1. Can you tell me, using C-alpha contacts under 8 Å and at least 6 residues apart, the relative contact order of the chain as a whole percent?
2. Percent of accessible area on region 91-191 owned by carbon and sulfur, 1.4 Å probe?
3. Could you go through region 8-20 in sequence order and give the Karplus-derived ³J(HN,Hα) for each residue, using 6.51 cos²θ - 1.76 cosθ + 1.60 with θ = phi - 60°, rounded to whole Hz, and x for Gly and Pro?
4. Per residue, how much accessible area does the chain have with a 1.4 Å probe, in Å²?
5. Round to the nearest 10 and give me the degree value, 0 to 90, for the angle of helix 50-61's Cα axis relative to the longest principal axis of the chain.
6. What whole number of Å gives the distance from the Cα centroid of region 28-58 to the Cα centroid of region 92-151?
7. Let me see the pair-distance distribution of the chain: every alpha carbon pair, 10 Å bin width, integer percents in order.
8. Of His168, His34, His71, which has the largest mean-square fluctuation in a 10 Å C-alpha GNM of the chain?
Amino acid sequence: MKTGKNDQRKLSAGERTELLGTLKARFEKNMNRHKGLEWAKVGVRLDADPEKLWSLHEMERTGGEPDVTGHDKKTGEYIFTDCSAETPDGRRNLCYDRQALDSRKEAKPKGSALDMAMGMGIEILTEEGYRELQQLGKFDEKTSSWLATPAAIRKLGGAIFGDRRYEHVFVYHNGASSYYGARGFRGSLRV
């Protein structure tokens, strides 16, 4: 699918128009996620960075339903986060990282969360980012999402993930090489 960083990370005019329409409609429908922000200003940032638009397309294509969830006043960047009700369908059945994938001798998953995120040009959510997202709605009530894991935990073979159950956000641990049909990952992108 991708042969080079810059030659394949562009959208056709039709894909661009469709994606911008989808993002604008989602932005307008969910104003509680970005109070006080204006789509026109977000659109200007998107127009200026076609590669970031491609990353948003990948987030959308894999079921993430990205939406603006913040604005960094120092840099002017808008923060897009996967806001699908459950962890994105197109990003499940993944172990945590390449090391975990390579350690599996049999029954290997199709890939790893960190490799896929890097290929999409996005960052996997941190625990802090995941908890902030959960303040904007109810996410992962039936699924779970891998989270960026502290190096000390990863060094010992573990990885962390989060979900929402019983009206509470939980962060758990698991072996980094594990994978499940109901676990994927959520990402964020600064534009």
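The values are calculated or read from the model by the stated rules, or taken from the named source; none is laboratory data. None of the values given here were measured: they were computed from a predicted structure. For accessibility, only protein heavy atoms count, side chains too; no ligands or nucleic acids. Shrake-Rupley method; radii C 1.70, N 1.55, O 1.52, S 1.80 Å.
1. Working: 335 pairs, mean separation 43.7, N = 191.
Relative contact order of the chain: 23 percent.
2. Values: 2730 of 5100 Å².
Heavy-atom surface of region 91-191 belonging to carbon and sulfur, 1.4 Å probe: 53 percent.
3. These are the phi-based 3J(HN,Hα) values: 9, 9, 10, 9, 6, 4, x, 4, 4, 4, 5, 5, 4 Hz.
4. Values: 10050 Å² over 191 residues.
With all protein chains present, the chain gives 53 Å² per residue.
5. 60
6. 23
7. 9, 36, 35, 17, 2, 0
8. Highest fluctuation of the listed residues: His168.
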